[in-house]
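Single-structure report; data block below.
The values are calculated or read from the model by the stated rules, or taken from the named source; none is laboratory data. These numbers were taken from a predicted model, which means no experiment stands behind them. Quick reminder, even Gly has a Cβ in these numbers, built from the backbone with ideal geometry, and neighbours come from all protein chains shown.
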Amino acid sequence: MNFMQPADLPSTSESVAATTSMALTIEGMTEPTVLRYFETLNAGELEATAALFATDGAMHPPFESAMVGPNAIAAYLKQEAQDMKLEPKQAVTKVLDNEQIQVQVTGKVQTSWCGVNVSWLFVLSHEHEILSATVKLLASPQELLNMKKE
């Protein structure tokens, strides 16, 4: 009988990444870069998430100015996305006239203090780098007011 030695066991971060990768299923998802975006963000691998963006790629979060470039995006994610759990449910992909790829994903974001329905709109280069990621909250003004931290 072979037993794994402690050095052979996966680290906690490897276990989390493997679990996240196996558990994340998005109906209609055909674009591996966007799937990897959700996997790395949920695993807390924020530098890896930012690395999916093109050099001049932009993240457009709700109620914020755009963050441009992987370094700015990583800094933003470290500040704002630490306790978020993204739950993407459904995706629709289409190729645009300029050969860029557009992926729209709907789902939910869960934080320590609230959950909200969200839409993500990704535009990818033909090299599959993220050129743009726009995040929109799908909530009424009243729902947004009810989400204020106590």
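Only one of these is part of a helix (DSSP H, G or I), modelled with pLDDT of 90 or more and either under 16 Å from LEU86 (Cβ atoms) or over 13 Å from the mean Cα position of the chain (by Cα) (or both): THR40, THR19. Name it.
Working: THR19 fails: modelled with pLDDT of 90 or more.
The unique qualifying residue is THR40.
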Are any of the residues in segment 64-78 among the aromatic types (Phe, Trp, Tyr) and in contact with a helix residue (DSSP H, G or I) (Cβ under 7 Å, 6 or more places away or on another chain)? no
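So which of LYS89, LYS94 is more than 23 Å from GLY44 (Cβ to Cβ), of a type in the set (Lys, Arg) and modelled with pLDDT of 90 or more?
Values: LYS89 fails: more than 23 Å from GLY44 (Cβ to Cβ).
Just one listed residue meets the conditions, LYS94.
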For VAL109, only one of the following conditions fails: (1) in contact with a Lys or Arg (Cβ under 9 Å, 6 or more places away or on another chain); (2) under 19 Å from THR30 (Cα atoms). What is its number? (2)
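Name the residue that is farthest from the chain's Cα centre (by Cα), counting only residues in segment 104-130 that are closer than 15 Å to THR49 by Cβ and either in a strand (DSSP E or B) or of a type in the set (A, V, I, L, M) (or both). Don't jump to the end; show me each part of the working.
Let us first name the residues in segment 104-130 that are closer than 15 Å to THR49 by Cβ, namely 105, 109, 120, 122, 124, 128-130.
Add one more test, that the residue is either in a strand (DSSP E or B) or of a type in the set (A, V, I, L, M) (or both), and what stays is 105, 109, 120, 122, 124, 130.
Values: VAL105: 10, VAL109: 10, TRP120: 9, PHE122: 10, LEU124: 14, ILE130: 11 Å.
The extreme case among them is LEU124.
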Could you tell me how many of the residues in segment 61-102 are outside any loop (DSSP other than H, G, I, E, B) and not hydrophobic (A, V, I, L, M, F, W, C)? 14
